[in-house]
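First up is the structure itself, then whatever we jot down about it.
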Amino acid sequence: MLFNSIEFAIFLPIIFVIYWFVVNRNLKVQNLLLLLSSYIFYGWWDWRFLSLIIFSSIIDFTVGLQLGRAKKELNRKWLLFISIFINIGLLGFFKYYNFFIESFIDAFTAFGHSPNIHTLRIILPVGISFYTFQTLSYSIDVYRRKLEPSYDFISFFAFVSFFPQLVAGPIERATNLLPQFYKKRQFNLEQSIDGLRQMLWGLFKKVVVADNLCKIVDPIYNNPDEMSSLVLILGLALFSVQIYTDFSGYSDIAIGISRLLGFNLKINFRYPLFARSIGERWRNWHISLSTWFRDYIYIPMGGSRGSNLNKFKNTLILFTISGFWHGANWTFICWGLLNGLYFAPSMLRGRNRRHLEPISKSKIFPSFKEFTQIFTTFWLIATTYIFFRADNIQHSKQYFLSILSNTEIRESFRFIENNLEDFLKAMFFTSILFLVEWINRDKPHGLHGVFEMKPIVVRWGLYLAITFSILIYGGEQAPFVYFQF
Amino acid sequence: MKQFLKKIIKYVLAFSLIVVGSVICNKIFINAAGLLKLKNEVNTIVLGASRTVYSVNDHMLTQTTNISANADALFYSYIKLRTLHSNNPNLKRIIVCLGSRNLSDEIDTRWLTSPSHLESRLPQYIHFYTNKEYYKTWEYNKASLIHGIMRSPLYTLKMIKKLVQSRNLDIRILNIGGFKVDNRNILTKEIKSLNENTEAKMYNISVLEANNLKDIYDYCKNKNLELIFLDTPIHSALQNSTHTMDAETYFNNFINENYSDIPYYDYSRMKLDDSCFNDLVHLSYKGALLFTEKLIDEGVVQ
């Protein structure tokens with residue numbers, strides 16, 4: 001089920017009413033409702049893959065219980081190994097099996113051999129990368145004794161499959177989300193209203209901005225040969241905005257729905273388009289994944305301790321894994337590596353922890369220096385999307401070469417002229433996005449408290465305008481980009 | 001919780017009020033301005049899609065109004081027929097453009113269920129909808145029905161602007177049809193593409209459009225209106241293509257089986273030179289003049 005579908009518009013109010021009015025007195029039943037509704041939500045896409053979530057939940061629940069009982073360190077290690085092996089094994093099979101086989105065949109073919117191995121027709125289960133990491137965080141935290149094992153299987157299963165963030169995050173840590181299933185949840189008016197605002201802003205970002213940008217970006221990326229340099233460069237910038245609005249839109253909706261149900265999820269994006277450095281950009285982009293990698297991979301590897309060479313190596317490994325997490329394709333590996341190369345210099349000079357304060361705090365406009373920093377960071381990141389958005393390395397190479405060779409200016413205007421209406425629409429909504437997010441850059445989300453001081457007519461007028469723009473200018477129910485990961 | 005629900009209900013009410021209010025406003029504007037009233041002497045209307053838009057020049061006619069519109073499925077033709085007849089009881093004859101292409105199942109995805117098509121059509125037609133049409137559109141595409149309805153307030157604003165600016169208050173303001181001149185000339189390109197593309201295509205009658213045609217037929221029967229089917233000229237290159245001939249055979253069988261009592265004026269093979277066409281199926285201004293003269297000569301329109 002997509003958040004931007006009619007099915008979901010019917011599904012959510014039904015669950016909300018049953019949740020707060022019918023089963024609100026019994027926590028167990030309330031959690032059971034969340035579990036069942038999460039399974040319905042996921043099964044709507046393909047019920048067969050529910051078995052994977054259930055299997056993963058059973059394994060980690062059992063491992064957690066056994067970790068609680070095991071006294072010997074060796075046994076505990078074995079239990080953690082089982083959890084990691086099964087979870088990563090499932091992810092590896094469904095997401096990476098064909099990639100490894102194809103790469104293996106390519107490597108052998110390059111040396112003149114043709115091994116008789118075949119790829120399989122495997123469907124990638126939606127959200128597998130997200131819920132696998134979520135359950136893994138539980139096993140690892142129980143192993144590290146940071147979290148008590150769960151004895152309540154309904155709560156645990158509901159934690160693994162919690163529908164607002166099941167298919168595209170934020171990837172919640174068991175230490176944050178699981179305890180919320182144990183406590184009775186109270187309805188909070190302010191939190192719920194702000195949750196609705198956050199959902200509204202998330203929908204606006206996804207349906208109005210991202211889906212309208214998609215109409216411009218897709219033709220550019222699909223035919224780089226036919227596009228001029230200027231259009232291709234424009235495509236990079238627009239895709240940067242598209243991927244941000246698409247993914248952060250999803251996160252905003254997920255967090256908003258959770259707040260309606262009395263849960264608090266962690267923030268996943270903190271206005272990364274206004275980042276002043278690569279370090280700040282990565283601190284504010286897909287925070288739940290970055291911190292997951294930091295805590296479970298980067299720090300155990302040694303993190304930023306040791307020699308500069310060690311730091312450099314760890315950074316590149318981290319970014320490459322992060323790229324590979326996105327998809328089984330060399331393009332994502334290159335994307336991760338390139339980001340690692342951008343990030344490494346500031347890390348080696350110890351400057352990656354700069355810019356912790358919100359930009360231009362208590363000022364209306366950024367200073368010239370800040371503006372230059374934002375501009376440079378934005379374009380550096382945009383160049384990495386040559387890899388991220390391309391179908392394969394050949395495609396990204398083609399895109400890059402076309403930027404260098406197709407320098408005919410008139411062609412650029414022709415493309416814009418041919419797509420003028422879509423272009424103007426996309427630009428208009430992108431400007432609104434930048435304006436609203438700039439105004440609210442120190443708040444948890446774009447609509448947080450924006451209109452609080454305004455008279456009700458103005459406030460409601462603006463909410464209604466956003467609602468209408470979602471319904472009127474929304475694209476064609478395009479799936480979220482991150483669903484494919 | 002009560003406070004929250006109250007706010008939600010108020011918001012939904014405000015939202016619905018704007019949408020429903022704008023649909024009602026549109027209806028009131030249209031009726032108050034008499035936009036659906038045709039000239040007293042008009043007793044014939046022409047319904048159909050782009051082929052009749054560019055071929056029946058009603059400026060040459062006194063008793064006929066061409067109300068066909070580009071890419072209009074028979075679903076919309078039926079809505080127009082019902083609405084115009086209730087506002088113009090003196091209508092006697094209904095001409096519906098009908099050829100194999102109008103009833104092809106390709107129309108379903110292009111003109112009936114396509115989100116962009118539905119969403120652009122809905123605000124123009126929604127104030128004429130009955131429950132049956134709401135239901136049908138829901139069946140065609142649920143999301144688009146909702147998106148389309150939401151566009152009504154925008155349509156109302158445009159309507160108000162047009163009513164204020166326009167000197168002649170007539171049906172053309174509604175933008176639901178009328179004769180147009182096609183200025184594109186892509187005939188050579190299309191002939192070339194037709195010759196290159198010889199791949200056989202399957203022809204099937206659209207079930208949805210067949211039902212809409214049945215609605216038109218039943219309405220005319222019940223209201224004692226004379227129904228006529230009309231097919232407009234197509235270029236000779238297309239006439240002789242295998243696909244066209246197969247489709248025509250299939251289509252003719254369908255018409256003979258179901259509508260043998262309806263007069264069918266088939267001008268698809270009318271001889272016209274290249275200057276009369278802008279592409280393979282649409283007439284140029286010159287073509288429209290010649291074709292309309294022919295219709296007058298044969299007494300199809302006055």
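The values are calculated or read from the model by the stated rules, or taken from the named source; none is laboratory data. No experiment lies behind these values; they were computed from the predicted model shown. Because the Cβ atoms are built from the backbone with ideal geometry, glycine has one as well, and the counts that use them run over all protein chains shown. Note: areas computed on protein heavy atoms with side chains; ligands, DNA, RNA excluded. Shrake-Rupley method; radii C 1.70, N 1.55, O 1.52, S 1.80 Å.
Structure notes:
- Flag if A:Phe11 is without any contact (Cβ under 8 Å) to a residue 40 or more places away in the chain, more than 27 Å from A:Ile321 (Cβ to Cβ) and touching a helix residue (DSSP H, G or I) at 6+ places or on another chain (Cβ under 9 Å): yes
- With respect to the conditions (1) modelled with pLDDT under 85; (2) within 14 Å of chain B (Cβ to nearest Cβ); (3) within 19 Å of A:Thr245 (Cβ to Cβ), A:Phe451 lacks only one, and its number is (3).
- Any hit, segment B:178-193, residues being over 24 Å from B:Ser55 (Cβ atoms) and not basic (Lys, Arg): no
- Residues in segment A:173-198 that are within 14 Å of chain B (Cβ to nearest Cβ) and either without any contact (Cβ under 8 Å) to a residue 60 or more places away in the chain or basic (Lys, Arg) (or both) were compared, and the one that is farthest from A:Phe423 (Cα to Cα) is A:Arg185.
- Some residue of segment B:162-170 being among the small types (Gly, Ala, Ser), more than 14 Å from every other protein chain (Cβ to nearest Cβ), within 21 Å of the chain's Cα centre (by Cα) and not in a helix (DSSP H, G or I): no
- Residue among A:Thr372, A:Thr407 that is exposed (fewer than 15 other Cβ atoms within 10 Å of the Cβ), under 25 Å from A:Ser228 (Cβ atoms) and of a type outside the set (Asp, Glu): A:Thr407
- Criterion: farther than 26 Å from B:His85 by Cα, of a type in the set (S, T, N, Q) and out of contact with any strand residue (DSSP E or B) (no Cβ under 6 Å at 6 or more places or on another chain) - qualifying residue of B:Asn212, B:Asn222, B:Asn252, B:Asn258: B:Asn252
- Scanning segment B:199-217 for residues that are open to solvent by less than 50 Å² (accessible area, probe 1.4 Å) and either touching a His at 6+ places or on another chain (Cβ under 9 Å) or assigned to a helix (DSSP H, G or I) (or both) yields B:Tyr203, B:Glu209, B:Ala210, B:Asn212, B:Leu213, B:Asp215, B:Ile216, B:Tyr217.
- Wholly enclosed helices (runs of 4 or more DSSP H) of segment A:196-297 bearing at least 2 residues among the hydrophobic types (A, V, I, L, M, F, W, C) and over 13 Å from the mean Cα position of the chain (by Cα): A:211-222, A:229-260
- Of the residues making up segment B:1-18, those that are in a helix (DSSP H, G or I) and within 9 Å of chain A (Cβ to nearest Cβ) are B:Gln3, B:Phe4, B:Lys7, B:Ile8, B:Lys10, B:Tyr11, B:Ala14, B:Phe15, B:Ile18.
- Residues that are open to solvent by 30 Å² or more (accessible area, probe 1.4 Å), farther than 30 Å from B:Leu295 by Cβ and either touching a Phe, Trp or Tyr at 6+ places or on another chain (Cβ under 6 Å) or more than 10 Å from chain A (Cβ to nearest Cβ) (or both) within segment B:104-118 comprise B:Thr109, B:Thr113, listed in sequence order.
- Residue match in segment A:286-299 (condition: among the basic types (Lys, Arg) and over 22 Å from A:Ser137 (Cα atoms)): no
- Residues in segment A:165-203 that are aromatic (Phe, Trp, Tyr) and closer than 24 Å to A:Pro125 by Cβ: A:Phe181 only.
This table checks each residue for (1) in a loop (DSSP other than H, G, I, E, B); (2) open to solvent by less than 30 Å² (accessible area, probe 1.4 Å); (3) at negative phi; (4) modelled with pLDDT under 90.
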| site | (1), (2), (3), (4) |
| --- | --- |
| A:Gly306 | yes, no, no, yes |
| A:Asn314 | no, yes, yes, yes |
| A:Trp325 | no, yes, yes, yes |
| A:Leu337 | no, no, yes, no |
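Yes/no per residue for (1) at negative phi; (2) open to solvent by 80 Å² or more (accessible area, probe 1.4 Å); (3) among the basic types (Lys, Arg); (4) in a helix (DSSP H, G or I):
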position: A:Arg414; (1), (2), (3), (4): yes, yes, yes, yes
position: A:Glu417; (1), (2), (3), (4): yes, yes, no, yes
position: A:Leu424; (1), (2), (3), (4): yes, yes, no, yes
position: A:Phe429; (1), (2), (3), (4): yes, no, no, yes
position: A:Leu435; (1), (2), (3), (4): yes, yes, no, yes
position: A:Lys443; (1), (2), (3), (4): yes, no, yes, no
position: A:Lys454; (1), (2), (3), (4): yes, yes, yes, no
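- Any hit, segment B:225-233, residues being of a type outside the set (Asp, Glu), open to solvent by 80 Å² or more (accessible area, probe 1.4 Å) and either under 30 Å from B:Glu293 (Cα atoms) or free of Cβ contacts under 8 Å to residues at least 12 places away in the same chain (or both): no
Per-residue answers, yes or no, for (1) farther than 21 Å from B:Cys97 by Cβ; (2) small (Gly, Ala, Ser); (3) more than 14 Å from chain A (Cβ to nearest Cβ):
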site: B:Ser120; (1), (2), (3): no, yes, no
site: B:Thr137; (1), (2), (3): yes, no, no
site: B:Asn141; (1), (2), (3): yes, no, no
site: B:Tyr155; (1), (2), (3): yes, no, no
site: B:Ile160; (1), (2), (3): yes, no, yes
site: B:Leu174; (1), (2), (3): no, no, yes
site: B:Gly177; (1), (2), (3): no, yes, yes
site: B:Asn204; (1), (2), (3): no, no, yes
site: B:Asn222; (1), (2), (3): yes, no, yes
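- Single condition B:Ser22 does not satisfy, out of (1) within 30 Å of B:Gly299 (Cα to Cα); (2) within 14 Å of chain A (Cβ to nearest Cβ): (1)
Rundown of residues vs (1) closer than 15 Å to A:Leu136 by Cβ; (2) assigned by TED's automatic domain parsing to the domain that holds A:Gly127; (3) open to solvent by 60 Å² or more (accessible area, probe 1.4 Å), yes/no style:
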site: A:Arg48; (1), (2), (3): no, yes, yes
site: A:Gly64; (1), (2), (3): yes, yes, no
site: A:Ile88; (1), (2), (3): yes, yes, yes
site: A:Leu91; (1), (2), (3): yes, yes, no
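- Matching residues, segment A:255-283, being open to solvent by less than 10 Å² (accessible area, probe 1.4 Å) and in contact with a Pro (Cβ under 6 Å, 6 or more places away or on another chain): A:Ile257, A:Ser258, A:Asn268
- Residues considered: B:Arg51, B:Arg101. Of these, the only one that is touching a residue at least 12 places away in the same chain (Cβ under 8 Å) and open to solvent by 70 Å² or more (accessible area, probe 1.4 Å) is B:Arg101.
- Odd one out for B:Ser50 among (1) out of contact with any helix residue (DSSP H, G or I) (no Cβ under 9 Å at 6 or more places or on another chain); (2) within 14 Å of chain A (Cβ to nearest Cβ); (3) among the small types (Gly, Ala, Ser): (2)
- Among the residues here, A:Glu357 qualifies as modelled with pLDDT under 90 and either of a type in the set (S, T, N, Q) or part of a loop (DSSP other than H, G, I, E, B) (or both).
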